[in-house]
Amino acid sequence: MSQPALDSLSDKFPHLEERLEVRQAVRKMCAKFDAAYWDRSDLDHIFPEEFFQAFAAAEFLGSLIPEEYGGGGGTTADMVAILEEVAASGGGLNACSSVHTTLLCVPSILAFGTEEQRRDILPRIAAGELYVTFGVTEPDAGTDTTKITTRAELQGDTYIVNGAKVWNTGAQRGDQVLLLVRMSTPAADERRGLGLTLMLVDLDAAGVDIRPIPKIGRNSVASCEVFFHDVEVEPSRVVGEVGQGFYHLLHSLNSERLFVAAETIGLGRAALAAAARYGIERVVFGRAIGTNQAVQHPLARTYLDLLAAAEVLGRAVAQYEARGPRAAGTLANAAKYLCSEAACAATDAAMQVFGGYSFAREYPVGRLWIESRLPRVAPVNNQMILNHIAEQTLGLPRSY
Ligand SMILES: Cc1cc2nc3c(=O)[nH]c(=O)nc-3n(C[C@H](O)[C@H](O)[C@H](O)COP(=O)(O)OP(=O)(O)OC[C@H]3O[C@@H](n4cnc5c(N)ncnc54)[C@H](O)[C@@H]3O)c2cc1C
């Protein structure tokens with residue numbers, strides 16, 4: 001029986017021939033962080049500081065940030081390739097979340113921030129010196145973002161923020177949060193997204209209380225409840241136009257979808273490679289279990305699903321770069337949907353191949369399986385993507 005390539009199937013997908021140099025550089029860096037490192041970080045809920053610093057030192061963190069703001073001046077395609085390789089290294093979403101979280105604010109700050117904000121924030125993000133989290137979701141406003149109630153009111157020269165966010169990833173490790181707050185309520189005949197504003201808030205400010213949410217997985221980076229009680233924020237911290245924050249945010253969402261899609265392809269590759277290897281190693285009834293078609297076919301189907309999803313992702317990235325962040329909505333959504341579903345199928349198929357050992361922490365497959373479930377619901381659930389396709393592509397009535 002011939003041996004498949006086992007290092008995350010790194011030569012088995014056509015898209016991996018693109019940006020080969022950067023992919024190889026990421027693989028080399030990630031090789032220093034093995035499965036035991038990620039298992040410990042996940043099990044003990046320890047932020048992977050060494051990995052984060054190595055990622056910054058290798059200038060991957062600043063890849064997307066223009067050179068004039070201290071970054072590498074790379075493209076979204078570069079970042080997508082970097083994140084896919086990080087996930088495929090076995091670091092999975094634990095590794096990816098530790099680095100991508102602080103990058104989510106970058107498109108909004110670049111597009112809508114003041115020059116002073118750009119010069120203050122972006123070089124420090126690129127260097128790994130400033131960690132900015134993304135504070136949108138609230139206990140009663142997840143999918144329906146326009147229902148958020150965290151408020152900022154101008155009292156004298158200062159905004160006073162009150163409210164609560166939930167699932168704020170990285171808040172414990174973070175320095176600032178890019179916070180979506182309500183400043184006014186739109187009239188019945190106005191657009192639902194009006195009245196919301198983005199602002200940068202220090203996470204160590206008086207009145208901010210951070211409480212990690214116990215999670216079933218992806219524990220290297222805590223996701224937290226964050227409470228704001230009379231928190232003072234200077235008007236200079238507002239990003240973009242007051243009342244337009246929801247629309248500014250839309251500017252960041254497509255790149256986030258592309259990042260997450262790439263991460264799930266990497267996750268799927270890691271699971272598939274591990275399952276293929278185990279299929280050769282594990283002998284039952286006197287022969288390798290991978291000799292059975294019942295073991296082979298789910299893995300082969302998984303490979304095809306990942307192959308197809310990765311090609312759609314490539315198209316989405318190309319369209320994003322050619323036409324800008326807002327124009328690539330349908331393909332970015334399609335990529336996030338297809339990649340996350342393919343990754344879920346891949347980790348599930350891998351679990352079956354590992355049999356009882358799928359539950360042993362000795363193997364990373366269980367960790368990847370739990371992680372693969374997350375991108376189907378966050379940052380946006382796949383039902384909302386279908387709603388969007390039904391409405392925007394098929395012309396059906398808006399359902400939400
Ligand atoms: C680990 C983790 C990290 C996260 N990190 C962040 C972060 O850093 N910052 C942040 O702001 N948020 C974060 N989130 C929040 C995430 O974006 C939300 O969980 C997500 O948007 C869904 O919101 P919800 O959980 O309130 O689900 P709900 O809005 O309660 O929806 C529940 C389910 O109902 C279904 N549903 C809802 N509405 C419709 C509809 N109209 N049509 C069809 N189906 C529908 C969907 O299946 C959906 O999954 C994170 C979440 C998790 C789990």
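Applying the selection to segment 173-194, what residues are touching a strand residue (DSSP E or B) at 6+ places or on another chain (Cβ under 6 Å) and assigned to a loop (DSSP other than H, G, I, E, B)? Before the answer, list the steps.
Of segment 173-194, the ones touching a strand residue (DSSP E or B) at 6+ places or on another chain (Cβ under 6 Å) are 174, 176-183.
Gly174, Met183 - these are the residues of segment 173-194 that are touching a strand residue (DSSP E or B) at 6+ places or on another chain (Cβ under 6 Å) and assigned to a loop (DSSP other than H, G, I, E, B).
For segment 118-149, what are the residues that are among the small types (Gly, Ala, Ser), within 16 Å of the ligand (Cβ to nearest atom) and in contact (Cβ under 8 Å) with a residue 60 or more places away in the chain? If you could, list the steps in order and put the result at the bottom.
Filtering segment 118-149 down to residues among the small types (Gly, Ala, Ser) leaves 126-128, 135, 141-142.
Checking the rest, the ones that are also within 16 Å of the ligand (Cβ to nearest atom) come to 135, 141-142.
Once the filter is applied, which keeps residues that are among the small types (Gly, Ala, Ser), within 16 Å of the ligand (Cβ to nearest atom) and in contact (Cβ under 8 Å) with a residue 60 or more places away in the chain, segment 118-149 yields only Gly135.
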* Specify which of the listed residues (Arg315, Arg269) is over 30 Å from Val177 (Cα atoms), without any contact (Cβ under 8 Å) to a residue 60 or more places away in the chain and among the charged types (D, E, K, R). => Arg315
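Which of the residues that make up segment 300-334 are of a type in the set (Phe, Trp, Tyr) and surrounded by 22 or more Cβ atoms within 10 Å (Cβ to Cβ)? Even if it seems obvious, please write down each step before you answer.
Keep residues of segment 300-334 that are of a type in the set (Phe, Trp, Tyr), which gives 303, 320.
Selection gives Tyr320 alone.
Just to be sure before I move on: is Gly92 within 16 Å of the ligand (Cβ to nearest atom), more than 24 Å from Val242 (Cα to Cα), modelled with pLDDT of 95 or more and among the small types (Gly, Ala, Ser) in the structure I sent?
Details: within 16 Å of the ligand (Cβ to nearest atom): yes; more than 24 Å from Val242 (Cα to Cα): yes; modelled with pLDDT of 95 or more: yes; among the small types (Gly, Ala, Ser): yes.
Yes, satisfied.
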* Asked: Within segment 331-387, can you find the residues that are over 14 Å from the mean Cα position of the chain (by Cα), in a loop (DSSP other than H, G, I, E, B) and either of a type in the set (A, V, I, L, M) or within 16 Å of the ligand (Cβ to nearest atom) (or both)?
  -> Ala360
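Could you please give the count of residues in segment 356-381 that are among the polar types (S, T, N, Q) and either touching a residue at least 24 places away in the same chain (Cβ under 8 Å) or over 22 Å from Trp38 (Cβ atoms) (or both)?
First, the residues of segment 356-381 that are among the polar types (S, T, N, Q): 358, 372, 381.
Still in the running and either touching a residue at least 24 places away in the same chain (Cβ under 8 Å) or over 22 Å from Trp38 (Cβ atoms) (or both): 372, 381.
Going through segment 356-381 one residue at a time, the tally reaches 2.
Is it true that Ser220 is modelled with pLDDT of 95 or more, among the small types (Gly, Ala, Ser) and either within 15 Å of the ligand (Cβ to nearest atom) or more than 17 Å from Ile109 (Cα to Cα) (or both)? Even if it seems obvious, please write down each step before you answer.
Numbers: modelled with pLDDT of 95 or more: yes; among the small types (Gly, Ala, Ser): yes; either within 15 Å of the ligand (Cβ to nearest atom) or more than 17 Å from Ile109 (Cα to Cα) (or both): yes.
Taking the combined requirement at face value, the residue satisfies it.
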* Structure fact -> Note on Thr143: of the conditions (1) buried (at least 17 other Cβ atoms within 10 Å of the Cβ); (2) under 18 Å from the mean Cα position of the chain (by Cα); (3) more than 19 Å from Ser108 (Cα to Cα), unmet is (1)
* Qualifying residue in segment 354-364 (condition: surrounded by fewer than 24 Cβ atoms within 10 Å (Cβ to Cβ) and either closer than 25 Å to Asn168 by Cβ or among the basic types (Lys, Arg) (or both)) -> yes
* Asked: Scanning for something of a type in the set (Ser, Thr, Tyr), outside the structural domain of Ala77 (by TED's automatic domain parsing) and under 25 Å from Gly74 (Cα atoms), does segment 257-274 turn up at least one residue?
  -> yes
* Within the set of pairs 6+ apart or on separate chains, which have a first residue in segment 382-396 that is of a type in the set (S, T, N, Q), a second that is surrounded by fewer than 16 Cβ atoms within 10 Å (Cβ to Cβ) and outside any helix (DSSP H, G or I), and C-beta atoms under 7 Å apart? -> Asn387/Ser399; Asn387/Tyr400
* Asked: What number goes with the only condition from (1) away from the ligand (no atom under 13 Å from the Cβ); (2) modelled with pLDDT of 95 or more; (3) more than 18 Å from Val136 (Cα to Cα) that Asp189 does not pass?
  -> (2)
* Can we say Ala164 is over 30 Å from Ala87 (Cα atoms) and away from the ligand (no atom under 15 Å from the Cβ)? -> no
* Selection count where residues are touching a Ser or Thr at 6+ places or on another chain (Cβ under 9 Å) and more than 9 Å from the ligand (Cβ to nearest atom), scope segment 388-400 -> 6
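The values are calculated or read from the model by the stated rules, or taken from the named source; none is laboratory data. The structure displayed is predicted, hence computed values, not measured ones. Every residue, glycine as well, gets a Cβ built from its backbone with ideal geometry; the counts of neighbours run over all protein chains shown.
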